[in-house]
Amino acid sequence: MTVDHGHRAWQVHIDGHLDPDALAESLVAVRAGGGGPVFVWVSEPTPSDDAVAAAAGLVPGRDLYQLRVALPLEDPHLVWRPFRPGDDDEEWLAVNNRAFAWHPEQGGWTIEMLRARMAEPWFDPAGFVVHERDGRMAGFCWTKVHPATADDPALGEIYVIAADPDFAGHGLGRALTLAGLWWLHHVRGIDVGMLYVDGANERAMKLYEHLGFQVHHIDRAYSGEVT
């Protein structure tokens, strides 16, 4: 179990399934840290998890689908360049925060948050696809490689993807997805693409299903207010 204070809410990640005592302990830690909105995450939730969460005053908040697809897919037919750390930071923040103004985790990023991610050992600007139009950053696809484990092959994740709202309706979501997956396969040699998408985002789900993605598993966030 990990308990972290995100920039908009507490994030509690549970290993395995919910246990009443362990959940109570995590909520005590949140309360000791000042309380506030909390999301308790469980992978592959069961009715038992729903019941334990409800007994603690939490309700099912979000279902996050992990989707996977075999690579390669089709050519993206998109002109793009790699992200330039230091030069692109502020413009990327503006595009990201406009695109995700509604999102509880991805919206409202700060320069400190971006730089913290760029300091991670997995960060590779070459796999951070940027597409420009009219001299502006119109969209991006930020990828991340997960090394193979005993349970999974190496995975190429679409970590964050978005188009500036000013360029909505230009088909950039599909093109940027394909560009990121093209880089993961042809440059990094990854044969399985992966991403997470909110189950309530029907438009994105349809796009990814059309590209051949299938649901691998579901993570559920139980939400509440700790006072």
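The values are calculated or read from the model by the stated rules, or taken from the named source; none is laboratory data. What you see is a predicted model, and the numbers here were worked out from it, not measured in a lab. So basically every Cβ, Gly included, is an ideal-geometry build from the backbone, and we count neighbours across all protein chains shown.
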| query | Out of the range 28-49, which residues are farther than 16 Å from residue 105 by Cβ and of a type in the set (Gly, Ala, Ser)? | reply | 29, 32, 33, 34, 35, 43, 48
| said: Pairs please, first residue from the range 5-21 and under 25 Å from residue 100 (Cβ atoms), second anywhere and among the charged types (D, E, K, R), Cβ atoms under 6 Å, 6+ apart in sequence or on different chains. | reply: 11/4
| message | For the structure I just gave you, tell me whether residue 41 is assigned to a strand (DSSP E or B), at pLDDT 95 or above and either within 23 Å of residue 220 (Cα to Cα) or touching a helix residue (DSSP H, G or I) at 6+ places or on another chain (Cβ under 8 Å) (or both). | response | yes
| note | (1) over 25 Å from residue 12 (Cβ atoms); (2) surrounded by 19 or more Cβ atoms within 10 Å (Cβ to Cβ); (3) among the β-branched types (Val, Ile, Thr); (4) within 17 Å of the chain's Cα centre (by Cα) all hold for residue 42 apart from (1)
| said: Checking the conditions here, which among 95, 52 is outside any strand (DSSP E or B) and either surrounded by fewer than 13 Cβ atoms within 10 Å (Cβ to Cβ) or free of Cβ contacts under 8 Å to residues at least 40 places away in the same chain (or both)? | reply: 52
| said: The conditions are (1) out of contact with any helix residue (DSSP H, G or I) (no Cβ under 8 Å at 6 or more places or on another chain); (2) over 19 Å from residue 219 (Cβ atoms), and residue 76 fails exactly one of them. Which is it? | reply: (1)
| request: Please determine, by comparing only the residues of the range 84-126 that are in contact with a helix residue (DSSP H, G or I) (Cβ under 8 Å, 6 or more places away or on another chain) and among the polar types (S, T, N, Q), which one is farthest from residue 140 (Cα to Cα). | output: 110
| Residue selected from the range 156-168 under the condition at pLDDT 95 or above and over 14 Å from the mean Cα position of the chain (by Cα), by the criterion nearest to residue 179 (Cα to Cα) | 163
| task | Provide a single number: the residues in the range 121-131 that are in a loop (DSSP other than H, G, I, E, B) and within 16 Å of the chain's Cα centre (by Cα). | result | 2
| remark: In the range 77-116, residues that are farther than 30 Å from residue 224 by Cα and either hydroxyl-bearing (Ser, Thr, Tyr) or at pLDDT below 95 (or both) total 1
